[in-house]
Structure formats: structure tokens, C-alpha cells
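The values are calculated or read from the model by the stated rules, or taken from the named source; none is laboratory data. Worth saying up front: this structure is predicted, and the values here are computed from it rather than measured. Neighbour counts are summed over all protein chains in view; Cβ atoms, including those assigned to glycine, are modelled from backbone coordinates with ideal geometry. Side chains included, ligands, DNA and RNA excluded: accessible areas come from the protein's heavy atoms. Shrake-Rupley method; radii C 1.70, N 1.55, O 1.52, S 1.80 Å.
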Amino acid sequence: MRRIESQIYHENQSHLAGLSQLSCQKPLSFRLGTKNETGIIDEGSGTITLYLGLDAGGSHCRARLIDENGDILGTGHAGAANTRIGFENSLNTLKAAWNAAIADAGLAHNDIDRIRAGVGIAGYKRAGAAEAFAAAPHPFETIRFASDAVIANLGAHAGKDGATLIVGTGSIGIIRAHGEDKTIGGYGFPVSDEASGAWIGLEAARHAVLAYDGRTEMGPLARNVLDRFGDDPVAIVRWTDRATATDYAGLAPLVVEAAQLADAGAMEIVRTAAIQIDAFVEALIARGASAICLMGGLGPVLRPWLAPTTRDVLVEPRHDALTGALFLAGWTGLPRG
């Protein structure tokens with residue numbers, strides 16, 4: 001096992017410069033062959049370069065292993081990997097996802113140390129996170145870490161300059177200009193992550209408690225939330241003592257469903273979330289963004305509620321965050337599809 005040895009991806013470092021550095025390293029030697037009865041690849045001939053990308057979010061972690069042509073060799077999935085759950089737990093989730101991708105590819109054990117990996121992690125900017133990941137042993141030739149926002153933006157704009165607003169379990173805006181990355185928000189729930197699933201879920205819990213007291217209307221949203229807790233607001237309070245951002249985000253679908261039924265409380269929550277997204281976009285534009293990708297599970301849901309001026313600057317992402325993680329790893333090819 002080797003340590004990362006200065007392979008951390010600094011968000012103010014040029015991605016192109018990072019790719020140039022990696023291009024000087026020796027090519028990986030992956031022995032092609034066929035799987036034997038144990039599932040391990042028998043050695044053959046030929047050499048190709050392998051890249052591994054991981055997108056480690058607040059709800060789940062995905063991994064993708066490709067060759068230098070962009071062909072997918074294996075994929076893997078695991079649970080939440082946000083640094084909020086603790087470094088050891090986050091690292092274990094990463095290992096589970098990358099081991100699954102390696103196993104799916106049927107990669108020979110003696111070829112694993114020739115993989116170049118790029119990892120985007122939710123909460124990577126938390127104090128001490130970068131140093132902890134830098135010190136962790138890994139089985140690859142090289143590995144680079146960045147925030148999940150960085151890899152999402154790299155994927156959305158095919159590794160070039162651009163801006164992205166991610167609205168999922170958490171929320172963060174990021175702009176890459178002249179090789180430097182700057183973020184807006186993303187400080188972590190509950191102090192930040194406005195308009196996110198976690199924020200919406202917290203507002204749903206508050207609304208339900210108010211409705212129980214008769215301080216606001218008891219509509220479908222409040223009724224559905226209270227039903228989850230045995231019609232007991234004290235049970236909601238006890239739940240909040242241990243609830244994570246992912247737990248709160250689990251209430252967000254109730255808000256969306258109720259808003260579609262014209263529930264006043266749910267519509268107010270969604271409308272406020274949309275205003276917060278508008279503010280995110282205005283801040284990105286003020287920093288020079290002219291085209292912004294709106295990503296994350298809640299992006300499509302909230303888009304109809306956004307101001308027309310916000311919708312006018314939104315563009316579709318070119319590729320996903322996992323592709324961005326592959327760019328981070330040093331891959332310079334063209335994605336399939």
C-alpha cells in the first residue's frame with residue numbers, strides 16, 4: 001500500500017497542469033485475457049491504461065473503471081461517503097465502491113497498483129479532511145482527491161472552464177475560471193446547504209410541528225410527516241437529535257408531492273428553495289459565469305419554480321460527475337455516448 005504523496009488535487013490548481021503532470025508518468029500495464037473459473041483474469045498480452053473515478057456523495061458513492069479509450073470495464077456502488085460521517089467511515093465507503101468496480105472488471109490483483117484514481121468527496125473541504133485522505137494508504141499508482149463539486153463541474157464542462165450549481169442532499173455552487181476553482185456555499189448542513197434535500201426536509205419537519213399546534217394549516221404535507229412519527233411532534237424532536245442530512249433529505253419527496261397538490265406549506269418551502277437557487281445563480285454570474293449547469297436530484301424538480309432570468313442562463317451538462325472524476329484522475333479521452 002502506498003501513500004498519496006502530493007497527489008491531492010488543490011481546487012486552485014490548474015486541471016490542465018495536473019493532466020500534464022500525470023502524462024509524464026509511466027503507462028499502466030493491464031494484462032488482457034479471459035476470466036478463469038475463479039473470476040480472475042488470466043494473463044494475456046497487450047497494455048492499456050486504466051482510470052478509476054469515484055463520486056462520493058452524501059447519499060451514495062459510485063465508482064467507474066475505464067480503459068484509455070473510455071470503455072467501461074467495471075462499476076461499483078456503496079452508501080453515503082460524506083466526510084460528515086467521519087473519516088474512517090468515509091474511507092471504508094470509498095474502498096467498498098472501488099473494490100466493487102475492480103471486482104466487476106475481473107481485474108487481476110497484480111494490476112490494481114497500476115490504476116490512476118480520481119475521487120470527488122462531499123464535505124472534502126471540512127477541516128482536516130484533505131490531510132486525512134492524503135495520509136491514507138491506497139493500492140493504486142496514483143490517486144487524487146477533490147470535492148464532489150469539482151468533479152461535477154469538470155464533468156459538466158468536459159474538463160474546461162464553466163460553472164455548476166449542485167442541488168441534491170446538500171447544495172453548492174462552483175465556478176472554474178482560468179484554471180482556478182471557487183465555491184459558493186457548501187459549508188455543510190444545517191448552517192448551509194440552502195435549497196437542498198436536507199434543507200427542504202428540515203423545513204418539512206418544522207412545518208409539521210407548527211401545523212400540529214395549529215399555528216399553520218394542517219395540509220397534506222404536515223399530515224404525511226406527522227404520520228411518519230405516529231402523530232407525535234415529540235417523536236420528531238427526538239428524531240432530530242440523531243438525524244443526518246441524508247435522513248432529512250428523505251422527507252423532501254413529501255414536500256414535492258404535496259406542492260404538486262397545491263399544499264400551501266409545501267409550495268412555500270419549494271418557492272423559498274427556488275429563491276435561494278436564484279441567489280446562487282446571481283452570485284455565480286457576478287463571478288463571471290455565463291452558462292451554468294444545474295445538477296443534483298432536486299435540480300429538475302425545482303427548475304420550473306426558478307425565475308426566468310435564472311432559467312435563461314442554465315445549460316445542460318455535457319457529462320456526469322463520474323466522468324469528471326476520471327478527468328481528475330488524469331484521463332484525457334473523449335467519453336462514450
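Overview of values
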{"quantity": "Filter result for the condition that a residue is surrounded by fewer than 19 Cβ atoms within 10 Å (Cβ to Cβ), under 21 Å from the mean Cα position of the chain (by Cα) and not aromatic (F, W, Y), over G324, G250, G288, G330", "calculated": "G250"}
{"quantity": "Where a residue in the stretch 233-258 is closer than 14 Å to T169 by Cα and its partner, wherever it lies, is outside any helix (DSSP H, G or I) and among the acidic types (D, E), with Cβ under 8 Å and at least six apart", "calculated": "A245/D193"}
{"quantity": "Subset of the stretch 179-222 (residues that are more than 29 Å from the chain's Cα centre (by Cα) and buried (at least 21 other Cβ atoms within 10 Å of the Cβ))", "calculated": "A208, A222"}
{"quantity": "Pair list, Cβ < 9 Å and 6+ apart or interchain, from the stretch 315-337 residues that are part of a helix (DSSP H, G or I) to residues that are among the polar types (S, T, N, Q)", "calculated": "A321/N153; L322/T75; G324/N153; A329/T142"}
{"quantity": "Qualifying positions in the stretch 133-155 - among the small types (G, A, S) and touching a His at 6+ places or on another chain (Cβ under 7 Å)", "calculated": "G155"}
{"quantity": "Matching residues in the stretch 133-187 - criterion: being outside any loop (DSSP other than H, G, I, E, B) and among the basic types (K, R)", "calculated": "R144, R176, K182"}
{"quantity": "Single residue of the stretch 291-320 satisfying the filter (hydrophobic (A, V, I, L, M, F, W, C) and open to solvent by less than 10 Å² (accessible area, probe 1.4 Å)) that is nearest to the chain's Cα centre (by Cα)", "calculated": "C293"}
{"quantity": "Residue match in the stretch 122-133 (condition: at pLDDT 90 or above and under 19 Å from L52 (Cβ atoms))", "calculated": "yes"}
{"quantity": "Qualifying residue in the stretch 237-245 (condition: modelled with pLDDT under 95, surrounded by 13 or more Cβ atoms within 10 Å (Cβ to Cβ) and of a type outside the set (F, W, Y))", "calculated": "yes"}
{"quantity": "Odd one out for D55 among (1) in a helix (DSSP H, G or I); (2) surrounded by 24 or more Cβ atoms within 10 Å (Cβ to Cβ)", "calculated": "(1)"}
{"quantity": "Hits in the stretch 58-88 - residues which are part of a loop (DSSP other than H, G, I, E, B), surrounded by fewer than 24 Cβ atoms within 10 Å (Cβ to Cβ), out of contact with any Pro (no Cβ under 9 Å at 6 or more places or on another chain) and among the small types (G, A, S)", "calculated": "S59, G79, A80, G86"}
{"quantity": "Residue that is nearest to the chain's Cα centre (by Cα) [pool: residues in the stretch 45-90 that are hydrophobic (A, V, I, L, M, F, W, C) and farther than 27 Å from G250 by Cα]", "calculated": "L52"}
{"quantity": "Members of the stretch 89-119 found to be open to solvent by less than 10 Å² (accessible area, probe 1.4 Å), assigned to a helix (DSSP H, G or I), within 20 Å of T49 (Cβ to Cβ) and modelled with pLDDT under 95, listed by number", "calculated": "D111"}
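For every residue, the table says whether it meets (1) touching a strand residue (DSSP E or B) at 6+ places or on another chain (Cβ under 8 Å); (2) within 25 Å of G118 (Cβ to Cβ); (3) acidic (D, E).
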position: T246; (1), (2), (3): no, yes, no
position: L254; (1), (2), (3): no, no, no
position: R271; (1), (2), (3): no, no, no
position: P308; (1), (2), (3): no, no, no
position: R311; (1), (2), (3): no, no, no
position: P317; (1), (2), (3): yes, yes, no
